[in-house]
Amino acid sequence: MDTKDLERKFHMIGGDGEKSYARNSSLQKKASDMAKHITLETLQQLYKETRPKSLGIADLGCSSGPNTLSTIKEIIKAVEVAHNNEISNQPLPELSFFLNDLPGNDFNTIFKSLPDFHTELKRDINDGDFPSVFIAAYPGSFYGRIFPEKTIHFIYSSYSLHWLSKVPPALYDKEGKSINKGCVSICSSSPEAVSNAYYSQFKEDFSSFLRCRSKELVAAGRMVLITLGREGPAHVDRGNSFFWELLSRSIMDLVAQGETEEEKLDSYDMHFYAPSAAEVEGEVNKEGSFELESLEMLEVDDDKENVDDTSYGNAVAKTVRAVQESMLVQHFGEKILDKLFDTYARMVDEELAEEDIRPITFVVVLRRKL
């Protein structure tokens with residue numbers, strides 16, 4: 001699937017229904033909360049250095065759930081604190097928030113909740129000193145240009161950059177058939193050429209991302225990027241890649257039951273890549289527009305004992321479904337989805353009973369060079 005197809009078709013489940021991303025993104029929220037001190041301290045440092053009268057802030061891959069507005073509220077409070085500590089005799093800066101995601105994203109759900117958001121914000125802001133806050137949507141792929149030159153001070157992106165711009169073309173042979181049979185991503189049975197194809201696509205995409213953002217950020221502007229990753233050089237581990245291996249096994253289970261065809265599994269490839277810290281740092285250094293201020297690795301606590309579901313596997317299945325359903329429906333049809341994710345939830349629980357799965361998250365702080 002090429003870039004244009006993905007831009008049109010890939011999106012989280014919108015609205016606020018039982019299966020929506022809004023209702024099934026608590027695992028992502030937990031990661032952003034763990035990294036919150038890094039995000040807010042980076043923003044405050046930027047503000048102390050630049051003291052702009054108008055501050056442009058972008059959320060790349062904002063999706064449509066409550067996480068987006070929760071982050072905006074935290075950012076506003078952090079700017080207020082930094083402002084009062086530094087230049088309290090001046091009015092607060094105007095704050096412009098630019099929400100970006102692919103065009104199929106459910107931006108409407110965000111905007112419908114803005115009246116309540118503004119009411120809560122005014123209630124929470126201290127001493128009635130309320131900043132002017134502007135919120136707009138900028139649909140499009142962040143692997144290309146999104147904003148005018150030098151208009152953004154701070155960029156935040158959470159759980160988005162592990163999605164590539166397209167399925168790597170090198171996954172397909174001359175006849176157009178996938179070389180990654182039986183797997184939807186990199187898994188233990190994948191030939192080495194599969195890992196190479198994904199890594200090559202990551203390098204191309206991440207370099208393009210950095211190049212575009214360097215044009216849009218002001219000098220010394222900052223980025224905080226929260227993304228899934230992996231701990232070492234091996235592409236297959238018991239981390240993020242393992243969750244996709246279990247999804248492959250779940251589909252194969254349905255193939256064995258005659259619910260879908262093996263050919264459909266063989267021809268389904270995801271546009272996902274979890275880089276290593278060395279790969280992230282290597283591309284930052286190679287592209288050259290940014291200084292890497294910090295790169296921290298988090299292990300997000302899976303909190304198996306406190307999920308609001310029958311099992312942790314069920315919570316993971318709901319999260320993955322909210323993210324992947326738009327793509328799975330187009331390829332396999334809607335009929336198999338309930339059974340697929342029931343199977344997936346069971347497999348996750350069975351694996352966790354044997355041994356932990358340890359997904360890795362990176363928090364990357366970048367400073368645009370002068």
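The values are calculated or read from the model by the stated rules, or taken from the named source; none is laboratory data. Small disclaimer: the values here were computed from a predicted structure and weren't measured. Note that each Cβ is placed from the backbone with ideal geometry, even for glycine, and that neighbours are counted across all protein chains shown. In case anyone asks, the SASA skips ligands and DNA or RNA and just uses the protein heavy atoms, side chains included. Shrake-Rupley method; radii C 1.70, N 1.55, O 1.52, S 1.80 Å.
Scanning the stretch 76-98 for residues that are open to solvent by less than 10 Å² (accessible area, probe 1.4 Å) and either assigned to a loop (DSSP other than H, G, I, E, B) or over 20 Å from Glu216 (Cα atoms) (or both) yields Ile76, Ala78, Val79, Ala82, His83, Pro93. In the stretch 204-218, the residues that are among the hydroxyl-bearing types (Ser, Thr, Tyr) form Cβ pairs under 6 Å with partners that are assigned to a helix (DSSP H, G or I), at six or more places apart or across chains, as follows: Ser207/Glu283; Ser207/Glu287.
Listed by first and then second residue, the pairs with beta-carbon distance under 7 Å, at least 6 apart or on different chains, first residue in the stretch 155-175 and in contact (Cβ under 8 Å) with a residue 24 or more places away in the chain, second open to solvent by 40 Å² or more (accessible area, probe 1.4 Å) and in a loop (DSSP other than H, G, I, E, B), are Lys166/Met1; Lys166/Asp2; Val167/Met1; Leu171/Ile179.
Of the residues examined, Ser20 is one that is at pLDDT below 90, assigned to a loop (DSSP other than H, G, I, E, B) and either open to solvent by less than 20 Å² (accessible area, probe 1.4 Å) or in contact with a His (Cβ under 8 Å, 6 or more places away or on another chain) (or both). When the stretch 141-173 is filtered for residues that are surrounded by fewer than 16 Cβ atoms within 10 Å (Cβ to Cβ) and either in contact with a Ser or Thr (Cβ under 8 Å, 6 or more places away or on another chain) or within 22 Å of Ser70 (Cα to Cα) (or both), the ones remaining, listed by number, are Gly144, Ala170. No other residue among Lys48, Lys73 is of a type outside the set (Asp, Glu), more than 20 Å from Glu216 (Cβ to Cβ), open to solvent by 30 Å² or more (accessible area, probe 1.4 Å) and under 25 Å from the mean Cα position of the chain (by Cα) apart from Lys73. Quick check: anything in the stretch 99-109 open to solvent by 70 Å² or more (accessible area, probe 1.4 Å) and in a helix (DSSP H, G or I)? Yes: the stretch 99-109 contains one or more residues that are open to solvent by 70 Å² or more (accessible area, probe 1.4 Å) and in a helix (DSSP H, G or I).
Against the conditions (1) small (Gly, Ala, Ser); (2) closer than 18 Å to Asp124 by Cβ; (3) in contact (Cβ under 8 Å) with a residue 60 or more places away in the chain, Ala78 satisfies every one except (3). Applying the criterion of being surrounded by fewer than 20 Cβ atoms within 10 Å (Cβ to Cβ), in a helix (DSSP H, G or I) and small (Gly, Ala, Ser) to the residues of the stretch 325-370, the residue that is farthest from the chain's Cα centre (by Cα) is Ala353. Of the residues making up the stretch 179-200, those that are open to solvent by less than 10 Å² (accessible area, probe 1.4 Å) and either over 20 Å from Ser250 (Cβ atoms) or more than 23 Å from the chain's Cα centre (by Cα) (or both) are Asn180, Ala197, Tyr198. Of the residues that sit in the stretch 267-281 and are open to solvent by 30 Å² or more (accessible area, probe 1.4 Å) and in contact with a strand residue (DSSP E or B) (Cβ under 9 Å, 6 or more places away or on another chain), which one is modelled with the lowest pLDDT? So, considering only residues that are open to solvent by 30 Å² or more (accessible area, probe 1.4 Å) and in contact with a strand residue (DSSP E or B) (Cβ under 9 Å, 6 or more places away or on another chain), the one modelled with the lowest pLDDT is Ser267. Touching a residue at least 40 places away in the same chain (Cβ under 8 Å) and either open to solvent by less than 10 Å² (accessible area, probe 1.4 Å) or hydrophobic (A, V, I, L, M, F, W, C) (or both): is that true of Val284 in this structure? Criteria met by Val284. The set of residues from the stretch 216-246 being more than 30 Å from Thr151 (Cβ to Cβ), of a type in the set (Gly, Ala, Ser) and in contact with a strand residue (DSSP E or B) (Cβ under 8 Å, 6 or more places away or on another chain) comprises Gly232, Gly239, Ser241. Of the set (1) at pLDDT below 90; (2) over 18 Å from the mean Cα position of the chain (by Cα); (3) not charged (D, E, K, R), all apply to Ala322 but (2). Within the stretch 108-122, residues that are over 10 Å from Val133 (Cβ atoms) have Cβ atoms under 9 Å from residues that are of a type in the set (Ser, Thr, Tyr) in these pairs: Asn108/Ser64; Thr109/Ser20; Thr109/Ser64; Ile110/Ser63; Ile110/Ser64; Ile110/Thr68, counting only partners at least 6 apart in sequence or on another chain.
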